[in-house]
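Working notes, structure below.
The values are calculated or read from the model by the stated rules, or taken from the named source; none is laboratory data. Just so it is clear, the model here is predicted, and its values are computed rather than measured. Cβ coordinates were reconstructed from backbone atoms using ideal geometry, including for glycine residues, and neighbour counts include every protein chain displayed. Heavy atoms of the whole protein, side chains included, go into the accessibility calculation; ligands, DNA and RNA do not. Shrake-Rupley method; radii C 1.70, N 1.55, O 1.52, S 1.80 Å.
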Amino acid sequence: MTTDVTTGEVAAEAAGAPAGRPGRPARVVLISVIGLHLVAETALTPFLPQLFERLYGITDPGATGGYLWICRIVGLAALPLWGLAARRWPLHRLVLAGLCGSAVFDLLLGLAPSHAAYTVLSGAVVATNSALLLAYPAFIAEHDGAGERGEGARLAGICSIVVVFHLSTVVATAVGAGVLALPEPRVGISAFAVLDVALAVLTFRILGRRAASSAAAGPVPAVREAPRRGVRFAVLAQAALVGVMFDFSVNVARPFFTEFADGLGGGPAGSAVLFFLPSVAALAVLPVVRRCHGLLGDRLLPVALAVGAAGLAWQALSSSVAGLAGGRLLFGTGLGLAQVAVELWAFRATGTAGPAFTAVETVRSAGLLAAPLVAATAVSHDLALPIAVAAVVQVFALALSARRAGAGPVLPSLTYSEEKTP
């Protein structure tokens with residue numbers, strides 16, 4: 001594959017299907033891969049302090065923050081390597097390798113004899129799981145090549161991903177709480193290997209066979225993304241910076257939230273429900289995202305961030321479970337709208353592949369990297385402080401996005417034209 005191949009061709013080849021010919025089974029597998037990645041990455045995150053105390057007798061918040069920071073570093077290093085590998089091998093082979101590797105390491109993770117061993121094996125799981133992220137741009141590109149036109153096609157794909165994200169959050173929280181409730185949590189941790197193997201079989205049977213049939217059929221028309229003009233460095237920098245702030249604000253409030261909710265009287269089960277409550281609100285608001293985008297345009301992002309910041313501030317100031325629930329619902333409403341708007345801005349600025357996309361995604365990883373460290377530091381002063389920090393950061397993101405939105409639609413629009421590959 002040459003370096004001047006188009007985004008449509010990359011995604012079509014990666015998915016193992018001709019661009020412009022959507023395949024429902026392939027889309028289902030791709031989005032299932034994304035969902036498994038999200039569940040595997042987040043299931044135990046809100047319960048790590050309790051898990052480390054049960055398994056290894058560790059109560060230091062720094063252990064949780066350090067563990068998450070190491071996992072973020074490994075993920076940041078692994079993703080570009082999988083991206084380079086995607087230039088030489090088809091996506092289904094890389095996803096299959098990632099799933100098989102994750103199955104082995106998940107099985108071993110439940111047997112980890114110490115916190116250090118658990119951290120090392122978790123890093124290995126993150127490294128192999130990073131291959132599953134390759135399904136994200138491939139899934140969006142499948143929507144671009146589905147015969148739909150304009151930004152609406154991409155918006156539909158992004159909304160699908162956001163739905164899966166929040167459903168995965170609900171499922172992951174229930175799974176994490178279930179693992180922690182087991183008499184022996186190690187069994188539940190190792191059980192993730194079963195899901196890895198099951199999805200590996202589907203990947204081989206559907207994406208693998210589809211890739212083989214596509215190769216036998218020979219070259220096919222691909223969808224090219226029309227050359228985009230006027231994409232300035234400032235536009236890319238803004239998309240990356242808003243993404244960093246948004247990702248950081250969402251993740252800094254997560255690691256110690258269940259402890260904060262438990263301190264208000266939520267209890268283990270109630271704290272778990274409160275943790276995924278924003279995802280329920282986000283899912284409820286997603287059906288009106290297209291209408292909101294049509295009415296507000298680029299102003300959708302600052303409006304959504306304002307709602308999210310207000311919800312975070314409400315949570316930080318809450319002194320009861322009922323008040324906390326109200327803040328979680330308001331935050332979830334802003335979260336659902338903002339996630340779509342942030343991703344749409346990013347894809348409008350960068351496309352689904354290429355150096356610009358890679359650069360923005362790499363910079364955005366800084367938010368995920370800093371979040372657990374800041375959360376561990378803040379929680380040592382007050383359990384509500386990470387949530388307050390998240391609210392402040394969203395206000396900064398609001399100011400940046402509102403300034404750009406107020407200046408008019410400066411982000412490049414995307415058009416698509418069907419051309420045959422040379």
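Would you call G336 surrounded by fewer than 22 Cβ atoms within 10 Å (Cβ to Cβ) and closer than 30 Å to G267 by Cα? No; evaluated as a whole, the condition is false for this residue.
Could you please find all residues in segment 90-103 being over 13 Å from A198 (Cα atoms) and open to solvent by 20 Å² or more (accessible area, probe 1.4 Å)? Correct list: P90, H92, R93, A97. Among the residues in segment 51-67, are any open to solvent by 50 Å² or more (accessible area, probe 1.4 Å), among the basic types (K, R) and modelled with pLDDT under 85? Within segment 51-67, not a single residue is open to solvent by 50 Å² or more (accessible area, probe 1.4 Å), among the basic types (K, R) and modelled with pLDDT under 85.
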